[in-house]
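Notes to accompany the following structure.
The values are calculated or read from the model by the stated rules, or taken from the named source; none is laboratory data. Remember, it's a predicted structure, so these values are computed and weren't measured experimentally. Note that each Cβ is placed from the backbone with ideal geometry, even for glycine, and that neighbours are counted across all protein chains shown.
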Ligand code: 6R9
């Protein structure tokens, strides 16, 4: 009972005003429960304009391969741009762009339409046609969004590779999806200076296997005068600026591939998550409307993600633009040139709906309450969180200091694979519980089960599964149907296994507890232990490596690596240098976000008798816990050695 009182005390019911204004009404849940397919058909016709109407909502006959809105045809770019102009909203600002150096550009929907048409014409000229893959390796600038929409318009699936990834990571993705064209920029601004991108593309293409890439389209963002390869590289301003603004948007099948986005899995090889057109657009637009509660023409929305991640795809590009929303797109980091940069932009642009990640909120908390207090954030009316569990403390801080003690917070659980938000409170409807993602959205069915697929009791920890297909679900892993079935659909029959642990509280609210597999979550970014281990082992002095994600106050989890050196080892002096070198090596192989926070050189790793590294024990050490039962270890003294060594270093 005592616990219930606590929950009670921390619940925030919606204000009358929020409820009245909100897009979502309480009866949405009943509508979805009463007629699952009918509900989704309604959303599909409400949020999307179809060139040809669909004749079947869901075809699940070849499960787990789904088809949604079967027979329907649409053009995603038309939905995100042209129709708003046709409806008389061409003068509405689509993008308030803020560059890191302070340059600003407002782009209306009419201008965006022209730019997307020009880019589509230019890409066609460069040889891109329906079905060809296009890699996008860009900073956060309007051309990135324009390029993605131009691909969507042509029916050429894009594969955006986060600009912070290394040339090796870019190469493996280009090779896997056989991109024909790469869209990139010379550089993007990071903390005041242009950070080069084009050289990484050159390096990636030098080593690319199949040589699928024919052209590289380069935006001049940083005036860094990159090398341009004759016959292959073309400037955006040469071919796009002069292209025609007339381009007819052809309709594509509802299941036509829209994009491939690579994400970390439990093995070293990233998975190309495949999303298609109709279902994805329906659910991103629907969720952006009911969970973020955007009111096109009234709100100024801002999602701080990078388009290199799924959050940027779904909640910067497709969902908000399909809804005709006005949004802020910011190129840089929150603390450049000062720690109040985000709040200054929010104030100046009159941001009303703000969506970010817990790691950023925790960083802002650390920087101090006085920083957001300097800015007028009174227009903010909805706050969102995504990427990892938000601890109640950060939740309360976010509400108090950014949401002036009023703005509802939506903690939204979803994944690259789910394509759009799955679990989240609804502003105006849900009584908010800090730290909990609360309820599946209307139309979404989830359960928390034990190893036998039986629903767990309230309060018990289990595995989060999705029990019914959903429109924006991944359609597979590009080129690997077997891995798709194996990864998501083999653990339980007919249930989508999300890879997260979760529990229901007494009131039926869902608390997502984090990954149950070898996937780490560092600052909301997914990293695979196996991928970092293989990067470490690719260094010529490393014989073996084990990586764990250790709990970290700031970043949620931090990468901690244990390595065994090859013959010869390292002297004490040499160790320090080597540790830095190994961190840098991982940075080069994967990208700076994957750099281990600490690297420990050890002579043995704890292994079971069958030879499996016991990561659980390493995690205990990394998190300063007592190591539990070590009886299954081949050599239990290994753990004492590792612990002593670690303490000596601290
Ligand atoms: C959108 C995105 C997915 C993983 C997911 C889970 C974690 C995301 C969360 C959350 C608790 C939330 N996650 N949102 N955990 N509460 N609101 O982040 O996609 O990069 O694929 O990561 O992130 O562990 O499985 P992605």
In the stretch 440-456, how many are in a loop (DSSP other than H, G, I, E, B) and surrounded by fewer than 20 Cβ atoms within 10 Å (Cβ to Cβ)? 7
Those residues of the stretch 331-358 which are buried (at least 22 other Cβ atoms within 10 Å of the Cβ) and either more than 16 Å from residue 93 (Cβ to Cβ) or touching a helix residue (DSSP H, G or I) at 6+ places or on another chain (Cβ under 6 Å) (or both), in sequence order: 332, 342, 343, 354, 355, 356, 357, 358
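Restricting to the stretch 391-405, name every residue that is assigned to a loop (DSSP other than H, G, I, E, B), in contact with a helix residue (DSSP H, G or I) (Cβ under 8 Å, 6 or more places away or on another chain) and more than 16 Å from the ligand (Cβ to nearest atom). Please lay out each step first, then the result.
Keep residues of the stretch 391-405 that are assigned to a loop (DSSP other than H, G, I, E, B), which gives 391, 403-405.
Among the residues that remain, those that are also in contact with a helix residue (DSSP H, G or I) (Cβ under 8 Å, 6 or more places away or on another chain) are: 391, 405.
Scanning the stretch 391-405 gives a single hit, 405.
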Restricting attention to the stretch 58-95, report how many residues are in a strand (DSSP E or B) and crowded, with 22+ Cβ neighbours inside 10 Å. 6
Could you check residue 526 against (1) in contact with a helix residue (DSSP H, G or I) (Cβ under 9 Å, 6 or more places away or on another chain); (2) crowded, with 16+ Cβ neighbours inside 10 Å; (3) closer than 29 Å to residue 178 by Cα and say which number it fails? (1)
Within the stretch 366-389, how many residues turn out to be at pLDDT below 95 and crowded, with 17+ Cβ neighbours inside 10 Å? 3
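Answer yes or no as to whether residue 170 is touching a residue at least 60 places away in the same chain (Cβ under 8 Å) and outside any loop (DSSP other than H, G, I, E, B). Break it down into steps so the answer makes sense when it comes.
On the way: touching a residue at least 60 places away in the same chain (Cβ under 8 Å): no; outside any loop (DSSP other than H, G, I, E, B): yes.
When the stated conditions are applied, residue 170 does not pass them.
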Taking only pairs six or more apart or across chains, which ones have beta-carbon atoms under 7 Å, a first residue in the stretch 407-432 that is closer than 21 Å to residue 392 by Cβ and near the ligand (Cβ under 7 Å from one of its atoms), and a second residue that is at pLDDT below 95 and in a loop (DSSP other than H, G, I, E, B)? 411/390
Restricting attention to the stretch 134-148, report how many residues are assigned to a helix (DSSP H, G or I) and over 11 Å from residue 259 (Cβ atoms). 6
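Within 20 Å of residue 51 (Cα to Cα), surrounded by 18 or more Cβ atoms within 10 Å (Cβ to Cβ), modelled with pLDDT of 95 or more and within 26 Å of the chain's Cα centre (by Cα): is that true of residue 117 in this structure? Don't jump to the end; show me each part of the working.
On the way: within 20 Å of residue 51 (Cα to Cα): yes; surrounded by 18 or more Cβ atoms within 10 Å (Cβ to Cβ): yes; modelled with pLDDT of 95 or more: yes; within 26 Å of the chain's Cα centre (by Cα): no.
Considered against the rule, which asks whether it is within 20 Å of residue 51 (Cα to Cα), surrounded by 18 or more Cβ atoms within 10 Å (Cβ to Cβ), modelled with pLDDT of 95 or more and within 26 Å of the chain's Cα centre (by Cα), residue 117 comes out as no.
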Which residues, counting only those in the stretch 357-390, are assigned to a loop (DSSP other than H, G, I, E, B) and more than 12 Å from the ligand (Cβ to nearest atom)? 368, 369, 374, 375, 376, 377, 378, 379, 380, 381
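Here's the yes/no breakdown for (1) buried (at least 17 other Cβ atoms within 10 Å of the Cβ); (2) closer than 19 Å to residue 598 by Cα; (3) within 14 Å of the ligand (Cβ to nearest atom):
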{"residue": "492", "(1), (2), (3)": "yes, no, no"}
{"residue": "497", "(1), (2), (3)": "yes, no, yes"}
{"residue": "517", "(1), (2), (3)": "no, no, yes"}
{"residue": "536", "(1), (2), (3)": "yes, yes, no"}
{"residue": "556", "(1), (2), (3)": "yes, yes, yes"}
Go through the stretch 193-215 and count every residue that is touching a strand residue (DSSP E or B) at 6+ places or on another chain (Cβ under 6 Å) and farther than 19 Å from residue 162 by Cβ. 1
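With the stretch 200-266 as the region, which strands (runs of 3 or more DSSP E) entirely inside it contain at least 1 residues that are surrounded by fewer than 18 Cβ atoms within 10 Å (Cβ to Cβ) and more than 16 Å from the ligand (Cβ to nearest atom)?
Details: elements: 215-219, 233-235, 257-263.
Fully inside the stretch 200-266 and qualifying: 233-235.
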Residue 100 passes all but one of (1) crowded, with 16+ Cβ neighbours inside 10 Å; (2) in contact (Cβ under 8 Å) with a residue 12 or more places away in the chain; (3) outside any loop (DSSP other than H, G, I, E, B); (4) in contact with a strand residue (DSSP E or B) (Cβ under 9 Å, 6 or more places away or on another chain); which number fails? (3)
Candidates 638, 599, 627, 621, filtered to the one that is outside any loop (DSSP other than H, G, I, E, B), crowded, with 19+ Cβ neighbours inside 10 Å and modelled with pLDDT under 80: 638
Can you say whether residue 294 is in a loop (DSSP other than H, G, I, E, B) and in contact (Cβ under 8 Å) with a residue 24 or more places away in the chain, as far as the supplied structure shows? yes
Please enumerate the residues belonging to the stretch 433-472 that are over 27 Å from residue 391 (Cβ atoms), within 20 Å of the chain's Cα centre (by Cα) and more than 13 Å from the ligand (Cβ to nearest atom). 470, 471
Would you say residue 145 is buried (at least 20 other Cβ atoms within 10 Å of the Cβ) and either more than 21 Å from residue 478 (Cβ to Cβ) or in contact (Cβ under 8 Å) with a residue 40 or more places away in the chain (or both)? yes
Going through the stretch 296-322 one residue at a time, which ones are surrounded by 24 or more Cβ atoms within 10 Å (Cβ to Cβ) and away from the ligand (no atom under 16 Å from the Cβ)? 301, 302, 321, 322
Determine whether residue 508 is under 28 Å from residue 64 (Cβ atoms), within 14 Å of the ligand (Cβ to nearest atom) and surrounded by fewer than 24 Cβ atoms within 10 Å (Cβ to Cβ). no
